[in-house]
Amino acid sequence: MHVMVENFGFLRDIDKDLYSLINEAEKLYRDEYFDQCMTQTRRFGEHVCKTVLGNYRTIESTFDDMLATLKDKATGEVQEKEFIDDLYFLKKHGNASTHSVRVKKDGMEALECLQRAFEVAVSYAVYNRGAKSSLLKLRYDTELLVTGKKSKKTLAQKFEEAKKKTEKSSAKKALSSKPKGQKSSKKKKVTKQSHTMTSKKRKKGVPVFWIIVGISFILSLLLLLGLFLVSLK
């Protein structure tokens, strides 16, 4: 018999009710009902908290009251702290989506709720229900959530691919933002300025000044000659 691969498939044999709740949350996410998905993960977290408290639960009626009691009973181990932090996260975002007037349709926030719910489910299975510790190595598969097919690539390979895409995108952005004037590094050819002076051509003929001087000289000679002739008589 073929068993479909699921992120929360390990819960099926541990707690069918919890499996049903979180399986519905993933369906809501795939149908893009992100607010309803977050509300469903909150329901899942509340039922996990109630189950873990068990006989320690007395008059606690709300999720917040149960979380406060669970926190008081904690021994201070790292796993317990992370478990309680994840439950608080599911409560906070689930309440916000339930009581919000507007539908946010925040896919990333809903996805984080599913991832936190997955960590809660693994801790619950191993530390509360005695499941095999190998479950702690599991990581939430986003590709499996969206496509229904398990990813063949490891987390490290996905990280490297995402890193290369980011670097390639940054390089393209840097090239596109380069000013158009910087495409060519060649210097513009400077035209040499000429300082050569051209002399003005001299006009042909006798200048007027020298004509006047000549006439004056002749008149003076004639005048002197006349005076000389008069003195001889």
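Just so it is clear, none of the values below were taken in a lab; they were calculated from the coordinates. For clarity, every value in this text was computed on a predicted model and none was experimentally measured. With ideal geometry, Cβ positions are generated from the backbone for all residues, glycine too; neighbour counts draw on all protein chains shown.
Which entries of Lys71/Lys91; Lys16/Lys71; Lys50/Lys92 have Cα-Cα distances beyond 22 Å here?
Too far apart for the 22 Å limit: Lys16/Lys71.
Please give the peptides 33-40, 21-28, 69-76, 44-51 ranked by average Cβ packing (other Cβ atoms within 10 Å per residue), highest first, as a rough proxy for protection.
In decreasing order of mean packing, 33-40, 21-28, 69-76, 44-51 become 33-40, 44-51, 21-28, 69-76.
Would you kindly compute the Cα radius of gyration of segment 18-108 and its largest Cα-Cα separation (Dmax), both in Å?
Final numbers for Rg and Dmax: 13.9, 40 Å.
Assuming 0.36 nm per residue, please report the length gained on full extension of the stretch Asn95 to Leu221 beyond their Cα-Cα distance.
Length gained between Asn95 and Leu221: 32.1 nm.
What is the gain in length, in nm to one decimal, between Thr51 and Arg30 on full extension, counting 0.36 nm per residue of separation less the C-alpha to C-alpha distance?
4.8 nm
Can you work out ³J(HN,Hα) from phi for every residue in segment 15-23, in order, using Karplus 6.51 cos²θ - 1.76 cosθ + 1.60 and θ = phi - 60°, giving whole Hz and x for Gly and Pro?
So the J values, rounded to whole Hz, are 7, 5, 5, 5, 4, 5, 4, 6, 5.
In angstroms, what radius of gyration and Dmax does segment 13-69 have, counting Cα atoms only?
Values for segment 13-69 (Cα only, Rg and Dmax): 12.8, 38 Å.
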